[in-house]
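Remarks on the structure that follows.
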Amino acid sequence: MSYASTKVSPTFPAMQFPVIGGGVMGLATIVLAAAWVGGIRQALLAVIGFAAGIALYHASFGFTAAWRRMINEGRSVGIRAQIIMLAVAIAVFFPLLGQGEFAGQALGGFVNPVGIALLLGAFLFGIGMQLGGGCGSGTLFTVGGGSSRMVVTLVAFIVGSVIATADPGGWMAWPEIGRYSLVESLGPWIALIVAAAILAFVYGLLGYRESKQHGAIAPLWTGWNGNLLRGPWPLVLGAVALAVINIATLIVAGQPWGITSAFALWGAKLLHAFGMDVSGWRYWQGDPALGRSVFADVTSVMNFGLMLGALTAAGVAGKFRPQSHIPFLSLLAAVLGGLLMGVGARMATGCNIGAFFSGTVSGSLHGIVWLALAIPGNWIGVHLRRHFRLD
């Protein structure tokens, strides 16, 4: 395959102004609601989520497809983009976390324990993301972009998340070895040097392996037509944009970017609306989020903004076209994948964003352990896809 020409013809479908209008009006509504219950910072988080949706959609920045391509073809372009994303974010995260505050806002990373629940949860999530067709962020941006199948995945994702909060099998009490933070142990600057060296080594190893197998390395800057508004964006631009999104989230919210905790909250609130009291469940005990507006929840507000950002980007690109027919096996895979991701994300304290991306850039060991177990899960999920006729 030749990668000499990366210029794409600048011809676009007509903009879908009703879709764009719906996305912008939806954002305005979320911003006002968030500002009403949480103030200016909460409103700003909705805008940050909106920007994340645009970046994810225009760059088609998905973890699921990138890992599948690596498993099936040995092409590492998507994973190398993720390494760049991590490197840019770490360069800012580590010093900020070492400082502990920014402009009066206290800052804290996602540093979670490593235990059996994390191992099994990440493994299940890896299987689920290949069957469901998207990860945490991928599910949201494709729903916003008009994928009918991914709506099914999202609903199952929410169901699986709230099932996990009922603590089936007593997973919340399973053994763990505690937490470890590279930033806390080595200090931000030494930790930054160590992390940069590891990322550079892995990046070089992936490039060497791909070059040896294919004779050339797929470039990160390809598919770019120079139009930032209408897309598509090259992967490297999406990688940098998502790093900036996470940095902005840390500065504004005081914590990194997350996705899936909101799904459990939405499911729990829905059960409560139908008369089921979940406040006695161990997972929810002492959590004030159940009694507050969903617009007071940082992750929920960002998720709403993300879907609206993807919706708007799809309208601007003229590509919002929901499907009316989903094959039965594909539908079944979406349900199964969503359930596995929902259960897995709660057990593993997050998904590819909250556990892997935000955990890793927080200097937490659990972010790397999550990846180590999610990869074999993805391998199994990739090989299960053929049984559901997804390839």
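The values are calculated or read from the model by the stated rules, or taken from the named source; none is laboratory data. The structure presented is a predicted model; accordingly, all values stated were derived computationally and were not measured. Cβ sites come from the backbone with ideal geometry, for glycine too, and all protein chains shown count toward neighbours. Heavy atoms of the whole protein, side chains included, go into the accessibility calculation; ligands, DNA and RNA do not. Shrake-Rupley method; radii C 1.70, N 1.55, O 1.52, S 1.80 Å.
Just a few scattered comments:
- Our summary gives the chain a relative contact order of 39 percent, counting only alpha carbon pairs under 8 angstrom and 6 or more residues apart.
- Summarising the amide proton neighbourhood of W224: residues at separation of 5 or more, or on other chains, whose placed amide H is nearer than 5 Å comprise V8.
- Normalised by the number of residues in segment 260-391, the average gap of Cα pairs under 8 Å and 6 or more apart makes the relative contact order 22 percent.
- Distance between the C-alpha centres of segment 138-178 and segment 192-207: 31 Å, rounded to the whole angstrom.
- Rounded to the nearest 20 debye, dipole of segment 17-149 from Cβ charges on Lys, Arg, Asp, Glu: 300 debye
- The GNM of the chain, with springs linking C-alpha atoms under 10 angstrom apart, assigns the highest mean-square fluctuation among Q105, Q130, Q42 to Q105.
- Whole-angstrom Cα spans of segment 293-391 along principal axes, big to small: 43, 37, 27
- Ellipticity at 222 nm from helices only: DSSP H runs of n ≥ 4 in the chain, each -39500 (n - 2.57), divided by the residue count, give -21000 deg cm²/dmol.
- Nearest-0.05 FRET efficiency for D391 and S185, computed from C-beta distance (R0 56 Å): 0.85
- For segment 74-173, the relative contact order works out to 14 percent when only alpha carbon pairs closer than 8 Å and six or more residues apart are counted.
- Cα gyration tensor category, rounded, prolate or oblate, for segment 18-69 with a/c compared to 1.5: oblate
- Cα shape, the chain, gyration tensor, a/c 1.5 rule: rounded
- For the chain, the solvent-accessible area works out to 42 Å² per residue, with a probe of 1.4 Å and every protein chain left in place.
- Sites R41 and L290, calculated FRET efficiency, Cβ-Cβ separation with R0 30 Å, nearest 0.05: 0.90
- Taking 0.36 nm per residue of separation and subtracting the Cα-Cα distance, full extension of the segment from M276 to S148 would add 43.2 nm.
- The chymotrypsin sites (Phe, Trp or Tyr not before Pro) found in segment 189-280 that occupy coil by DSSP, while having at most 16 further C-beta atoms within 10 Å, are W221, F274.
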